[in-house]
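Here's the structure we're looking at; comments come further down.
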Amino acid sequence: MSDDARYVDLSAPAEVPWLAGVLEEAGFEAWAVGGAVRDALSGSAPEDWDLTTSARPADVRRAFRRTVPIGIEHGTVGVIGRSGRMYEVTTYRRDVETFGRKARVVFADRLEEDLARRDFTINAVAWHPLTHEVRDPHGGMRDLEDRILRTVGDPELRFAEDRLRVLRALRFAGRFHLRIEEATERAVSASADKLGNLSAERVREELWKVLSLQREASATLRLYERSGVLVALYPELAACLVARGDDLDGTGWDFLMRAVDAVSPAHPRVRLAALLHLTAPIGGGDGTGEGGEGAMADPGHRAAAAAAAARTVLRRLRCSNADIDTVTHLIAQHASLPSADAPDPDIRRWVRRVGRDHLRAMFRLLLAICRAQPATGRFESEVLILWRRARTVARSPVPLAVSDLAISGDDLRAIGITPGPLYGVILQQLLERVTDEPALNEREALLTLARAEAEKL
């Protein structure tokens, strides 16, 4: 596709030309812009179509029956299409002052003013849903064709306006396999040590998009490393950068990249665990306040230290408690595997530690780690055998938690055991006995055992 091709059919959903038609009938311009146009031009299937228009927000709300004021102060109105899907329609804007997310903008009258304020040329292309005309004043189509990422205008100025554009540059370059133009690349590297002012939420969302939207997340993560962004934002991973070459020992950056890519983007939490499962605490130590080199030689202890360091990273990113707990749990437990031919009680205890809810995620992580290392066929086959055994346990009625026992604290009270902390100790002991002999999980048998435990305690 060349810059001379000014009319292109991007096969937008039927509601997109309908939206543009309503606005044009009301006397306004309307163009599709942003990621949808970029993705369609690059051959991807766009998910969200956004429109920009000469209409002011009040005009947009008058033109459509169902609207949502999702960003009126910024000129954005959500329009509910006939299918029930919402589309963002934003008035043309131009920057007056730029200082990060608090940039002051005013409404503009011309499409070109709106395109001039966008970050990269590939995002500064507009497409008319009715005439199929393309407006490309900054050569974004040519850059897509040549696989180049460049800013609109001076890259240093663009990144100074909003440092998040540095992370967006790396994500777009990795996702679309673009070469970052030299001046833009220099400005990216020069901005690496200035990213500390970005909010944790914005940094987290960029990483989440890399992990959840890119088949080869490593393409962007390697750019994080090369530009200095990785060390600036995730210093806990710096120790993994030391190992290079073939990474045969499975402790370095190349190994982590293979492990992340071995997990589907449909499972970003597992990908995050794969990325952070070798994380080291900053400033030395094991992150647990225990042990030294001898303790850290133990895989389980190393995993616990990595989980503690990963928790620090995820808290700094202000991840949700659910994400933090899941990711750190996977990291903490991934190194404590029983052997594939271990006795049944050992398999049941391990499944208890991992938990039924986390079992699939755990094996996704384990298989990714296997596949990230060369010549791991035997280890992978053992993991698959263990998966079949663990899945059988998880699907069985075997108790894996105190709540699964056939008795509760009320039953202990009924046989005369005084309420208190003793209940927890007794029920935990019963769970251990049932793990060895699942047939014991019957009320009368457990009550008999409970009386014996109470007498001993």
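Ranking Leu359, Ala219, Ala450 by Cα position along the charge dipole of the chain, where only Lys, Arg, Asp and Glu carry charges on their C-beta atoms, puts Ala450 farthest toward the positive end.
In region 143-168, which residues have a backbone nitrogen under 12 Å from the label point lying 7 Å from Glu182's Cα in the Cα-to-Cβ direction? No residue qualifies, since no backbone N sits under 12 Å from the label point. Global dimensions of region 25-71 from alpha-carbon coordinates: Rg and Dmax equal 12.8, 35 Å. Helices in the chain, meaning DSSP H runs of at least 4 residues, each add -39500 (n - 2.57). Divided by all residues, the mean residue ellipticity at 222 nm is -15000 deg cm²/dmol. Extending 7 Å from Cα along the Cβ direction at Val68 and again at Ala452 yields two label points whose distance is 6.1 nm. When Arg163, Arg175, Arg66 are compared by accessible area at a 1.4 angstrom probe, the order from most to least is Arg66, Arg175, Arg163. Quick one: pull the percent of accessible area on region 11-89 belonging to carbon and sulfur, 1.4 Å probe, ligands and nucleic acids left out. Accessible surface attributable to carbon and sulfur in region 11-89 totals 46 percent. In this structure the chain gives 47 Å² per residue of accessible area when probed at 1.4 Å with all protein chains present. Relative to the Cα centre, the charge distribution of the chain, modelled as +1 at Lys and Arg Cβ and -1 at Asp and Glu Cβ, gives a dipole magnitude of about 620 debye.
Estimated at the nearest 10 Å², the accessible area of Glu182 is 120 Å² with a 1.4 Å probe. Using a probe of 1.4 Å, the accessible surface attributed to Trp49 totals some 10 Å² when neighbouring protein chains are kept in position.
Within the assembled protein chains, the solvent-accessible surface assigned to Arg413 is about 120 Å², based on a 1.4 Å probe. Taking the Cα centre of region 13-167 as origin and assigning +1 to Lys and Arg Cβ atoms and -1 to Asp and Glu Cβ atoms, the resulting dipole is close to 500 debye. In region 317-346, which residues have a backbone nitrogen under 19 Å from the label point lying 7 Å from Arg388's Cα in the Cα-to-Cβ direction? Answer for region 317-346: 338-346. Once you divide the Cα radius of gyration of the chain by 2.2 N^0.38 Å, the number left is 1.25. Taking the Cα centre of region 83-183 as reference, the dipole from Cβ charges on Lys and Arg (+1) and Asp and Glu (-1) amounts to some 480 debye. One chain, two ends: Asp410 and Leu241. Fully extended at 0.36 nm per residue, the span grows by 55.4 nm beyond their Cα-Cα distance.
The values are calculated or read from the model by the stated rules, or taken from the named source; none is laboratory data. What you see is a predicted model, and the numbers here were worked out from it, not measured in a lab. Heads up, the Cβs are rebuilt from the backbone with ideal geometry, glycines too, and the neighbour counts pull from every protein chain shown. These accessible areas exclude ligands, DNA and RNA; they are computed on the full protein's heavy atoms, side chains included. Shrake-Rupley method; radii C 1.70, N 1.55, O 1.52, S 1.80 Å.
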